[in-house]
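The values are calculated or read from the model by the stated rules, or taken from the named source; none is laboratory data. If you're wondering where the values come from, they're calculated on a predicted model, not measured in any experiment. We place every Cβ from the backbone using ideal geometry, glycine too, and count neighbours over all the protein chains shown.
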Amino acid sequence: MLPIDISLLKPGLRLAVGLSGGADSVALLRALDRRSKDLGLVLHAAHLHHGLRGEEADADLAFARALAAELDLPFHEARVDAGATAKDNAETIEEAARRLRYGWFRQLMASGEVQAVATAHTRDDQAETVLAKFLRGAWTEGLSGIHPIVEFPEGRILRPLLATTRTEIEAYLGVLGQCWREDSSNRHLTFTRNRIRHELLPLLEGWNPQLREHMAQMAQLARDEEAWWQTELARLAPQLLLHGRPVRGGGRAAGDGVAIDLHRFAVLHPAFQRRLLRYAAEQLGSAPDYSATEALRALALVGRAGQKLQLAHGLHAERSARELRLTILPDALSSKAASEVTPEYSVSIPGEVSASAFGLRLLITRTDLSQQVANSSDCVPASYVATLRNWRPGDRVRLRYSSGTRKVKEVLERLKVTGSSRVLWPVLELDGQIVWMQGVELEPFPGIHIESTSLESA
């Protein structure tokens, strides 16, 4: 019997299984179908054709439709064009496909035909997700990985197989004599997840054969700790955040933004300081990353009265003698503030630069050029100077594993950095080419290696 988390499944639940045709989803559908009467489930199957892979995808749809008919289950299907959507929104195909898929699940639940959708994410998927988040520099909420339950206004997404391995799934299907479909794109190493699955995870398992299990355990720990933090912040943050502006003689007048009393902030544990700063920024609709959060901490703890900091996501910080005040500036004011407080920094190669305006330190080192042609125009010269600056309209970058260049503006939109949020975003220019951009993996520039750290950690 396939291990399933039946605690997620309530009697009488009208549940659709997201059926791609792959081994995981086929196993989930077959396992739930065999137990649907015992569990009191009203089971459906749902397949979304992403408009990719041509005849192969058509065959996936036909397979899913036939399997649902064989099991005598209601079948829901729809078609989208993930490729066109990705192009229109400056997304990767993976991002567009996921967004379209969950959008359709929500429509399905909103129709009232089903109350929830089950997806066949496994423990292997969990390990890949946690590792991918770690590589991108995620906070604790990112390391929590794939959640067993995702709440939407229309209904729930459930993941009953998160404790189940792919080995168990294939063994289960073998016992049933059940075939499945293989997605050829899962072998393409141009996709980050596939490189993690086929290259990085097997390499790391040479060091620790229990790595996938440990990654899944890390996700569980992160989920529990994140839930605890959210409860604590909801309880304590209202006592620590100040709204409006202080007025002479005491009290506060109405005003935008939030403020933090610096005396009370200074005695908090650094872990709570970071959480409080991010919580305050979230109240304003901003989500500062690690570097921005550390820059805010430095301003609060060692800054001087009158000092200002303009960060990404339109977040503006100003320090007084007693408070750190956070606001979101309107577009015009935000652009003006960014131009006033954001200088350009020159850095020799090899060399390093501490950029207080961006709250980061950049270290540029040389890499081994022994395999490269001497004096190649594609390599960095023996002595050169790069410029760390804010991005400008018209700037273009070449993303790693992509063909052609993209506008920085489009890349920021793809990262969901829009409006006033994208006013301040550092890039490194070398010989007229942008070779580094915060939060984005660019095509490596031959001969150099670039590392960024926050000023606090540096």
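Exactly one residue out of A62, A46, A86 is farther than 21 Å from V175 by Cβ and either outside the structural domain of R166 (by TED's automatic domain parsing) or at pLDDT below 90 (or both), and it is A86. Scanning the range 215-224 for residues that are charged (D, E, K, R) and exposed (fewer than 15 other Cβ atoms within 10 Å of the Cβ) yields a count of 1. Annotation note: of A317, A305, the sole residue that is among the hydrophobic types (A, V, I, L, M, F, W, C) and farther than 20 Å from N390 by Cα is A305. Against the conditions (1) touching a Lys or Arg at 6+ places or on another chain (Cβ under 7 Å); (2) part of a helix (DSSP H, G or I), V114 satisfies every one except (2). Residue count for the range 201-214 satisfying the condition of being surrounded by 15 or more Cβ atoms within 10 Å (Cβ to Cβ) and either in contact with an Asp or Glu (Cβ under 8 Å, 6 or more places away or on another chain) or more than 22 Å from G142 (Cβ to Cβ) (or both): 3.
Within the range 276-286, restricting attention to residues that are crowded, with 16+ Cβ neighbours inside 10 Å and of a type in the set (G, A, S), which residue is farthest from the chain's Cα centre (by Cα)? The residue in question is A280.
Condition (residue is among the β-branched types (V, I, T), over 30 Å from G51 (Cβ atoms) and part of a loop (DSSP other than H, G, I, E, B)) applied to the range 144-161: is it met by at least one residue?
no
Taken over the range 53-77, residues that are loosely packed, with under 15 Cβ neighbours inside 10 Å and under 28 Å from the mean Cα position of the chain (by Cα) amount to 1.
Only strands (runs of 3 or more DSSP E) wholly contained in the range 1-94 count here; list those with 1 or more residues that are acidic (D, E).
The qualifying strands (runs of 3 or more DSSP E) are 75-79.
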